[in-house]
Amino acid sequence: MKLKQIAAIAVLALFVAGCAGQKRVVTMETTGYCGCGKCCSWERGSWKYLKLNFWHRYVNAGKDKGRTYTGHTASGTKPGVPHPGLFSWDSVKHPWMIPVRIVFFPWLLLPQDGTIAADTRYHSFGTRMYVPGWGWGVVEDRGGAIKGPNRLDLYYRFHGQALKWGRRNVDVTIDD
């Protein structure tokens, strides 16, 4: 009986230890970006139609110039900003917001990772990272100006927020 218990504990310990991924901390240069025309190189309307089709968006730079701009990332997902969820340090700091979040914003109860753009030669799609001051994110995009292993772009919903972040060197935790 004791042998079975020891074997069960050993298997459980191996399972738990195997689930814990290794984490690396790397100093990276990060910049903010959003889905606007300045950050993502698109413009409204096409000169082919004398800009009268202003409701369409077209890529205006790079190898895809002239193609329709969809707003999706290079991996095909819609970009998003990180949200800590209900059970987070934000809830500890602002406990009076818990009832408001539960009643008015129930979709924000679960944590959500943000979108990170990186050089996919060094960080493949799906790599999860923690950026202090921004939150958890997943590499889902690649940008034209992102070259090298120590460069990241962090997605923001608005251009002003991206400009406020600016360019920072931070210690990023990479969850391998």
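Could you list, in sequence order, all residues of the range 144-176 that are charged (D, E, K, R) and closer than 15 Å to Y33 by Cα? Selection gives R151, D153, R157, K164, R167, R168.
Would you be able to say whether some residue in the range 110-119 is at pLDDT 70 or above and surrounded by fewer than 14 Cβ atoms within 10 Å (Cβ to Cβ)?
To start, the set of residues in the range 110-119 that are at pLDDT 70 or above comprises 110-119.
This time we only want the ones that are surrounded by fewer than 14 Cβ atoms within 10 Å (Cβ to Cβ), so: 110.
Among the residues of the range 110-119, at least one is at pLDDT 70 or above and surrounded by fewer than 14 Cβ atoms within 10 Å (Cβ to Cβ), which makes the answer yes.
Let me confirm something: among D141, D119, which residue is in contact with a strand residue (DSSP E or B) (Cβ under 6 Å, 6 or more places away or on another chain) and either free of Cβ contacts under 8 Å to residues at least 12 places away in the same chain or within 20 Å of C39 (Cβ to Cβ) (or both)? Going through D141, D119 in turn, just one is in contact with a strand residue (DSSP E or B) (Cβ under 6 Å, 6 or more places away or on another chain) and either free of Cβ contacts under 8 Å to residues at least 12 places away in the same chain or within 20 Å of C39 (Cβ to Cβ) (or both): D141.
Whenever a residue of the range 22-38 is farther than 12 Å from A117 by Cα, its partners that are acidic (D, E), lying with C-beta atoms within less than 6 angstrom and at least six residues away or across chains, give the pairs Q22/D176; K23/D175; V25/D171; T27/D171; G37/E43.
Filtered by the rule that a residue be in contact with a helix residue (DSSP H, G or I) (Cβ under 9 Å, 6 or more places away or on another chain) and farther than 13 Å from T30 by Cα, the range 88-144 gives D90, S91, M97, I98, R101, L108, L109. Selection of the range 145-155 for residues being loosely packed, with under 15 Cβ neighbours inside 10 Å and closer than 18 Å to R24 by Cβ yields G148, P149.
The values are calculated or read from the model by the stated rules, or taken from the named source; none is laboratory data. As the structure is a prediction and not an experimental result, all values here were calculated from the model. In this analysis, Cβ positions are derived from the backbone assuming ideal geometry, glycine residues included, and neighbour counts consider all displayed protein chains.
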